[in-house]
Structure formats: structure tokens, C-alpha cells
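Below is one structure, written out as C-alpha cells; the observations come after it.
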Amino acid sequence: MERLVEAAFPELLRPQPGERILDIGCGEGNHLLFFSRLGLDLSGLDASPYMIRRAGARLGNRANLKVGRAEDLPYDDNEFDFAALINTLEFVDDPLEAMREAGRVAKKGVFIGVLNSISWYCLCSKLESLFRQSLLKYVNFFNLWQLKSYARKAFGDVPVSWRCAPVRSAFLERVCGALSGPWYLEHCPFSSFLAFYASMRYWVKTDQHPLKVSLKKARRSVVSGVSRERLHHVEVVSQNERSLSL
């Protein structure tokens, strides 16, 4: 799965050195280390303060780390070029809201990596969890069609692309070996891990304009002037309404 992320991420996103990425649910920082090797500007968020401390010990000052929830990101609109949710949607309370928040803070796109619910690995894991205690019993798995549906709800009609973990089966190798190209390896919807990318397409895009001069230093504030006029107008209207009522 880690190898798929490292192979699929550059291919799907084509990131450039210096671009900003937010790893949502960064854990100990495994993927942040990989993003660092690509020359990206790193930020990470996790709900666990313990994991954030672990990631900080590994990354030092190479990443800006925060404790927070995927469904309520403490960042501005379009603050990052990319957002990543790698093995994060499986554990959040509201996957759709987590995807919406990722799309809000990402200017270019959202990268998602999930365990495939219709893979042999996940089916066996679910069956095993019926007979013994397992963490995977509490995990929400996803398949390709669910991700596409969530993406439409979260981002609208945006371009999506995906890759999967290669199928390692001697039988499938023999059956599919005659197929041209690596389609059966990269686009098999039954593999254990899916890498999914949604490219943002904005109808309206917000931009941040910081105030350069404090209001105390400004000679005349247009905003306050308008506010005073509006307040005066409201007072006049209130007096007229009071006179009419009498």
C-alpha cells in the first residue's frame, strides 16, 4: 500500500517542488516524509496529540503540525495546493464532511487512499472480525463507486482519476498477461488499496486579502463611514415608524 501511494501520488498529481500539501490524518508522519522527498511544503493534522508529537519528533521543523479533526480543518480556504486523506476516511465520523473540508482548503486537488471494501483482503478481514476482536471491525471501507459518489457530493462535477494496488495472483497473471498495457494491474477495482484523485474545478474561488494598514492609522475608514450612514438611516426609519404608529 505504501508503495502504491509513492507510485500513484506523483503520477496522479504531478506536484512541483515548493507546492503546499496538507496531510489530513498524518499519524506519525510516514507520508509526510515521502512528500518531503518530493520537495513539497509540508503541513500535517491529526486528531491524536500523541501522533502529532511522534510526527514532530521525526520531522522536526520540516512540517507545520496541528491537532484537529478532519471534519473541521483549522485552515483558510485555498490555503494549500493539495490535501491528502490516506487511510483517514476509514476512521472519521463523517467521511463526506471530511472530503468537503479537504476540497475547501485545497486549490488544485484532493488525493485519497482507502482500503477497498470489495477486495479479497477486506472481505477476509470482515469475516475474521466476526470471530475475534479486531480493529478492522470498526473501520469503514470504501470502493471505487462510493468514492466517485462522495466526490460528486463533496466537490461537484470534477475530473477524477485513480489507481489500484497491483493484483498479485499467478492465475490472473496468466489470464491477463495477454492484455495490452498495465490496465489489469492499475485499474482493477477489486484490489486491496485504491488511490483516488479529484482535481478541483472552481466556479467561484476565494482569495485572501490581508489588511496592510491598521484601522487606527487609517485617516478615514470607508467601512466605518458606511456603517455610520447605515446606522443613521436605521435610526431615522425607526423614528418615522414610531411616529406613524402614534
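Read-outs throughout are calculated quantities, based only on the coordinates presented, and are distinct from any laboratory measurement. Being a predicted model, the structure only gives us computed values, none of them experimental. Here the Cβ positions follow ideal geometry from the backbone for every residue, glycine too, while neighbour counts run over all protein chains shown.
With one equal scatterer per alpha carbon and no solvent term, the Debye-computed log10 I(q)/I(0) for the range 1-98 at 0.14, 0.19, 0.25 1/Å reads -0.48, -0.91, -1.51. Listed from fewest to most Cβ neighbours within 10 Å, the set ILE86, ILE24, ILE112 follows the order ILE86, ILE112, ILE24. Counting 0.36 nm for each residue step from ARG3 to PHE91 and taking away their Cα separation leaves a gain of 29.5 nm. Projecting the Cα atoms of HIS31, ALA106, LEU85 onto the dipole axis of the range 1-108, where Lys and Arg carry +1 and Asp and Glu carry -1 at the beta carbon, places HIS31 farthest toward the positive end.
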